1. State the answer as a single residue: which of B:T37, B:A197, A:I12 lies farthest towards the positive end of the charge dipole of the protein assembly as shown, with beta carbon charges of +1 for Lys and Arg and -1 for Asp and Glu, about the Cα centre.
2. Check A:I107: other-chain or 5+ apart residues with amide H under 5 Å from its amide H, H built from backbone geometry?
3. Given B:P15, B:H91, B:G218, which one lies farthest toward the positive end of the charge dipole of chain B, if we put +1 on the Cβ of every Lys and Arg and -1 on the Cβ of every Asp and Glu?
4. At 37 °C and 0.692 mPa s, grab the translational diffusion coefficient of region A:1-110 from Stokes-Einstein with a Kirkwood Rh over Cα pairs, rounded to a whole number in µm² per second.
5. Starting from the Cα gyration tensor of the protein assembly as shown, take the square roots of the eigenvalues, sort them a ≥ b ≥ c, and report rounded, prolate or oblate (rounded when a/c is under 1.5, otherwise prolate if a/b is larger than b/c, else oblate).
6. Where in region B:151-175 is the amide nitrogen less than 15 Å from a point lying 7 Å along the Cα-to-Cβ axis of B:I99?
7. Out of every Cα pair in region B:60-143, what percent are spaced more than 19 Å from each other?
8. Report, to one decimal in Å, the Kirkwood hydrodynamic radius for chain B based on all distinct Cα pairs.
Amino acid sequence: MGEPAQRNLVLILARSFASRLATAMFLVDAEGTVIYFNEAAERLLGQRFVEGAGMRVEEYTKLFEPTTPEGERIRPLETPIGLAVSRREPAHAELTLRGADDVVRPIAATAFPLLAHAGETVGAIAIFWERSEGD
Amino acid sequence: MRIRVWGCRGSIAAPGADTVRYGGNTSCVEVRLDDGTVLILDAGTGARALGLALLEDPPPRIDLLLTHLHVDHVEGLGAFEPIWRSETVLHIWGPASPIAALDDRLATYFSPPLFPLTLAEVPARCEYHDAPDGEWRIGDTTLVSNPILHPGSTVGYRIEADGAVLAYLTDHEPGLGTDLVSTPPEWISGFALAHRADLLLHDCQYTDEEYETRFGFGHSSVSHAATFAERAEVDRLLTFHHDPMHTDPELESIRDGVLERWRVEPERCGIATEGVETGVTR
């Protein structure tokens, strides 16, 4: 009908929720396109959302060189958000990311797919928790 | 396309001297298309009088589009006379749920002890459908339904027929956690349903002051309704889902408040009024 594209209500609510959280949150659509991350995630990634908006999650994740705590490289689709998108199942991992500001941060990442009422997967969300020395 | 409002009150019926001008029945709108198609938007208490009117010239098929199953939107179904006639063909559409089918959820209200009979005892031939998330058709009519922001599973409807567009978002709080002025349209609940509609029926339950204590109740303030109409570039707006505590003069004050914020010709913003019929044209 020629109307503007409309985000699914689940994504609208997730974005609104994330925008008010001090917890780092990262949102992708069902195709794995980066559609939002909040200010707390910007701080962890060392990059503004506008610089990552619209990228594929596997391309974007690669930029941050995810590794295990032991230093082994993690393939982008094997990260929690990659698994939530590609396998449509929840995932959790301890990993390190090198931010665009060149700071390496240990984080805990938990991701899960978002299912709308009609049962379709409309995207996935990841929560990042920065580990400190005492953790 | 023509519509007739049979009920536009929100939450609970509010008959009485204070509400006689705009009406006290809860949500129910009849939509008549040029080809004779009859659509009904919600089955609040206004459905009682509508049902009686339909018996004068019964249509071969009726499509009832429920936005959600809160009681003010379904409580007129039991008094909707066509369902008690075996010759009636009634298609009931409503929001999908991951938990139960539409008829099972509707039966929560339509069964003892809340109602003396069960849905299974209704003589009319009823068919129940989940309203699709997106575009669909009834005959030659194009409809769009999308989930919209309101507690529980709720949809809004867009009806495109006879060269015009009607949008119906009666219980809707698009401003919850969202700055409607600056947020990109794709991130505004219900935006695509309302975009450039010739007529938008939209929730305008609260004054801005009332909204401060009703945050998250699922309804819009004056500012929300005005900004939503402006952003969606609708031609006409009828304020809808009138608060049961609001008198006729208060509804007029609310309409004036919308016009202070949405700076358009006054005839482009009205108050949904029970018993009033209006054409929807481009």
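Since every read-out is calculated from the coordinates, none of them should be taken as a lab result. Remember, it's a predicted structure, so these values are computed and weren't measured experimentally. Methodologically, a virtual Cβ is constructed for each residue, glycine included, from the backbone with ideal geometry; neighbour enumeration extends over all protein chains shown.
1. Farthest along the dipole direction, towards plus: A:I12.
2. Placed amide hydrogens put A:L95, A:T96, A:L97, A:R131 under 5 Å from A:I107.
3. B:H91
4. 228 µm²/s
5. prolate
6. B:151-154
7. The share of Cα pairs beyond 19 Å in region B:60-143 comes to 38 percent.
8. 18.6 Å
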